[in-house]
Amino acid sequence: MKYDVIIIGAGVSGCAVARELAKTDLRIMVLEKEEDVCEGTSKANSGIVHAGYDAMPGTLKAKLNVRGNEMMARLSEELAFDFIRNGSLVLCFDERGRKQIEELYERGKANKVPDLEIWERERILEEEPNVNEEVVCALHAPTAGIVCPFGMNIALAENAADNGVRFVFNERAEHFERTQNGWKINGKYDSEIVINAAGVYAGHVHDAVSKEKIEIRPRKGEYFLLDHEAKGLASHTLFQLPGPYGKGVLIAPTVHENILVGPTADFTDNFEETNTTMPGLERIRSLAANTIRNIPYHSVITSFAGLRAVGNTKDFIIQESVPGWIDVAAIESPGLTSAPAIGEMVAEMVRKRLHPEKKADFVSKRKGFVNVKKLSKEEWNELIEKDKAYGKIVCRCEMVTEGQVRDACNRSVPASSTDGIKRRVRAGMGRCQGGFCLPRVMEIVAECTDGSMEKVQKAGAESVYITGKNKEDLDGVR
Ligand SMILES: Cc1cc2nc3c(=O)[nH]c(=O)nc-3n(C[C@H](O)[C@H](O)[C@H](O)COP(=O)(O)OP(=O)(O)OC[C@H]3O[C@@H](n4cnc5c(N)ncnc54)[C@H](O)[C@@H]3O)c2cc1C
């Protein structure tokens, strides 16, 4: 089958473009090298919906950040993913920093960020009593929010698939041929337009078809994630004054009532370097202490790291670099916030070329995952009446039932790994990090796929848990 559009990469950028284009009658495919959506940077970030005061006026980053923020509430309602407008504070702990706060305020106004205010010490401590008392002033942005990055990426993908977009996983796009009216990828997928949304690899993918190189350097950000018991440490997203490498270390609540502390910002030449390190985590501890002195690190349940795709233009690179080839590259922060607007912008570029019709039966809404924690007793009982699996708790830390895990395996973009389950319904996301629920989750994934436990993966083909059965080995010995 020939496609009108092939999108490389099923991160939040690629899926936002796919969902926007799904509103048309175009034939669309998303090619992803991993086994699921949300496997790149979109799964490892701060989950902040930035207000938009940080980027330089006139840049794509500024424009798409503010537009993405504006679009987020409606999108989260339509697609049923978690988003909370909790507001953010950029805190200043020294009178000498006040000028920088004022500059951010002016920049925000130039970017048309609504309702910015500068708060003084008393107001800050009233709203955020755990903040270091030496705080002087802060930029308050009430339009900033927090989103579930996985929830958003998965929701965009599912809604695109519900509207006819085809997803192909475990296929790295690596061979590109020019054809008479488009491109052939890997010798088998034909398309009139290709959209390169390959995250940190967008430079490599672009360079395969163009002499004008796009340089992407990964910049690693490491984090601590704290358990629910740390809830209440902060209610706004608490930033420090930004430095040369970005927005600095933040302390933020998550939509799932955890607390996030990080990230670092270290360049690396390794495009797969998502490990956390002792020096990185120590640095976070020492920097975050400027914001809140007594962070309860005994509540840390995990640490993780993501890679920013830093380009050489200081801005997002969204352009038709070669006829029929659109790059969505260097999508570093605020890429998550901007994704809905990136989708809109790129879909418009495609529309201008291909002049598609609107899809008459486009379904804009998606049914979200059930979260039994948010149901009333009556609602939960009603659900159990319909399906007993919703009465069996699988993950005790996050209160996830068998019914939810099965649902995650049976969606239009189904989970095929235990990490896929974790990102969809949170089994394994809690305090014990899957220590309790993993074997049961594996059994359910096996039942929902081909029945074989040996094939169940954590994330990708090289991550199977079971290499053989003990008794079989013993039989061999006897
Ligand atoms: C530490 C950190 C903190 C951040 N915090 C925020 C924040 O709070 N708010 C915010 O707005 N933004 C934030 N960001 C930025 C945001 O996470 C990214 O801008 C966004 O996730 C980028 O999405 P993407 O789809 O472009 O890339 P990705 O999510 O990386 O997706 C690219 C996809 O392409 C696939 N791929 C790559 N090469 C190929 C190939 N050849 N063939 C097929 N598939 C391929 C990958 O497997 C991947 O799935 C942060 C980033 C980091 C690293």
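The values are calculated or read from the model by the stated rules, or taken from the named source; none is laboratory data. What you see is a predicted model, and the numbers here were worked out from it, not measured in a lab. Using ideal geometry, Cβ is built from the backbone for each residue, glycine included, and neighbour counts are taken over all protein chains shown. The area values use the complete protein model at the heavy-atom level, side chains included, leaving out ligands, DNA and RNA. Shrake-Rupley method; radii C 1.70, N 1.55, O 1.52, S 1.80 Å.
Residues that are modelled with pLDDT of 95 or more, assigned to a helix (DSSP H, G or I), touching a helix residue (DSSP H, G or I) at 6+ places or on another chain (Cβ under 6 Å) and open to solvent by 10 Å² or more (accessible area, probe 1.4 Å): does segment 45-56 have at least one?
Looking through segment 45-56, none of the residues is modelled with pLDDT of 95 or more, assigned to a helix (DSSP H, G or I), touching a helix residue (DSSP H, G or I) at 6+ places or on another chain (Cβ under 6 Å) and open to solvent by 10 Å² or more (accessible area, probe 1.4 Å).
Select from segment 341-361 the residues that are open to solvent by 50 Å² or more (accessible area, probe 1.4 Å) and closer than 15 Å to Asn159 by Cβ and write down the one among them that is farthest from the chain's Cα centre (by Cα).
Only one residue fits best here, namely Asp361.
What are the pairs, 6+ residues apart or on separate chains, where a residue within segment 200-220 that is open to solvent by less than 30 Å² (accessible area, probe 1.4 Å) has its Cβ under 6 Å from a residue that is hydroxyl-bearing (Ser, Thr, Tyr)?
Ser210/Ser321; Pro218/Thr268; Lys220/Thr268
Go through the residues of segment 429-446 one by one and say whether even a single one is free of Cβ contacts under 8 Å to residues at least 24 places away in the same chain, open to solvent by less than 60 Å² (accessible area, probe 1.4 Å) and within 30 Å of Gly164 (Cβ to Cβ).
Scanning segment 429-446 turns up at least one residue that is free of Cβ contacts under 8 Å to residues at least 24 places away in the same chain, open to solvent by less than 60 Å² (accessible area, probe 1.4 Å) and within 30 Å of Gly164 (Cβ to Cβ).
Any residue in segment 1-26 that's outside the structural domain of Asn186 (by TED's automatic domain parsing): show its pairings with residues that are more than 12 Å from the ligand (Cβ to nearest atom) and open to solvent by less than 10 Å² (accessible area, probe 1.4 Å) at Cβ separation under 8 Å, as long as the two are six or more apart or on different chains.
none
Output the number of residues of segment 221-235 satisfying the condition of being in contact (Cβ under 8 Å) with a residue 24 or more places away in the chain and either out of contact with any strand residue (DSSP E or B) (no Cβ under 6 Å at 6 or more places or on another chain) or part of a loop (DSSP other than H, G, I, E, B) (or both).
Total meeting the criteria: 7.
To keep it simple, each residue is scored yes or no on (1) more than 27 Å from Ala55 (Cβ to Cβ); (2) touching a Gly at 6+ places or on another chain (Cβ under 7 Å).
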| site | (1), (2) |
| --- | --- |
| Tyr189 | yes, no |
| Asn196 | no, no |
| Arg219 | no, no |
| Tyr223 | no, yes |
| His228 | yes, no |
| Val249 | no, yes |
| Ala265 | no, yes |
| Glu273 | no, no |
| Met278 | yes, no |
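Looking at segment 22-44, which of the residues that are part of a loop (DSSP other than H, G, I, E, B) and closer than 12 Å to Pro149 by Cα is nearest to the ligand (Cβ to nearest atom)?
Gly40
Being at pLDDT below 95 and either open to solvent by less than 10 Å² (accessible area, probe 1.4 Å) or polar (S, T, N, Q) (or both) narrows it down to one of Asn312, Asn270, Asn275, so name that one.
Asn312 is the lone residue from the list that is at pLDDT below 95 and either open to solvent by less than 10 Å² (accessible area, probe 1.4 Å) or polar (S, T, N, Q) (or both).
Considering each residue of segment 260-270, count those that are outside any loop (DSSP other than H, G, I, E, B) and either within 10 Å of the ligand (Cβ to nearest atom) or in contact (Cβ under 8 Å) with a residue 40 or more places away in the chain (or both), and give that number.
Here the count works out to 4.
Restricting the search to segment 1-21, which residues are part of a loop (DSSP other than H, G, I, E, B) and either within 15 Å of the ligand (Cβ to nearest atom) or buried (at least 24 other Cβ atoms within 10 Å of the Cβ) (or both)?
Within segment 1-21, Gly9, Ala10, Gly11 qualify.
From the set of residues in segment 57-85 that are of a type in the set (D, E, K, R) and in contact with a Gly (Cβ under 7 Å, 6 or more places away or on another chain), which is most open to solvent (accessible area, probe 1.4 Å)?
Here the answer is Arg85.
With respect to Thr337, is the statement that it is touching a helix residue (DSSP H, G or I) at 6+ places or on another chain (Cβ under 6 Å), hydroxyl-bearing (Ser, Thr, Tyr), modelled with pLDDT of 95 or more and not assigned by TED's automatic domain parsing to the domain that holds Tyr223 true?
In short, yes.
Taking the condition of being open to solvent by less than 40 Å² (accessible area, probe 1.4 Å) and without any contact (Cβ under 8 Å) to a residue 60 or more places away in the chain, how many residues in segment 105-139 meet it?
9
For segment 406-428, give me each residue that is in contact (Cβ under 8 Å) with a residue 40 or more places away in the chain, under 21 Å from the mean Cα position of the chain (by Cα) and assigned to a helix (DSSP H, G or I).
Correct list: Cys409, Thr418, Asp419, Gly420, Arg423, Arg424, Val425.
Please verify whether segment 203-214 includes one or more residues that are part of a strand (DSSP E or B) and at negative phi.
No, the conditions are met nowhere in segment 203-214.
Select from segment 321-340 the residues that are open to solvent by 10 Å² or more (accessible area, probe 1.4 Å) and more than 6 Å from the ligand (Cβ to nearest atom) and write down the one among them that is nearest to Gly199 (Cα to Cα).
Top of the filtered list is Ser321.
Would you say Val249 is under 16 Å from Gly311 (Cα atoms) and buried (at least 23 other Cβ atoms within 10 Å of the Cβ)?
For Val249, the condition - under 16 Å from Gly311 (Cα atoms) and buried (at least 23 other Cβ atoms within 10 Å of the Cβ) - is not met.
A quick yes/no check of all residues on (1) at positive phi; (2) in contact with a strand residue (DSSP E or B) (Cβ under 6 Å, 6 or more places away or on another chain); (3) of a type in the set (A, V, I, L, M):
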| position | (1), (2), (3) |
| --- | --- |
| Gly40 | no, no, no |
| Lys43 | no, no, no |
| Lys61 | no, no, no |
| Val66 | no, no, yes |
| Met72 | no, yes, yes |
| Glu78 | no, no, no |
| Phe81 | no, no, no |
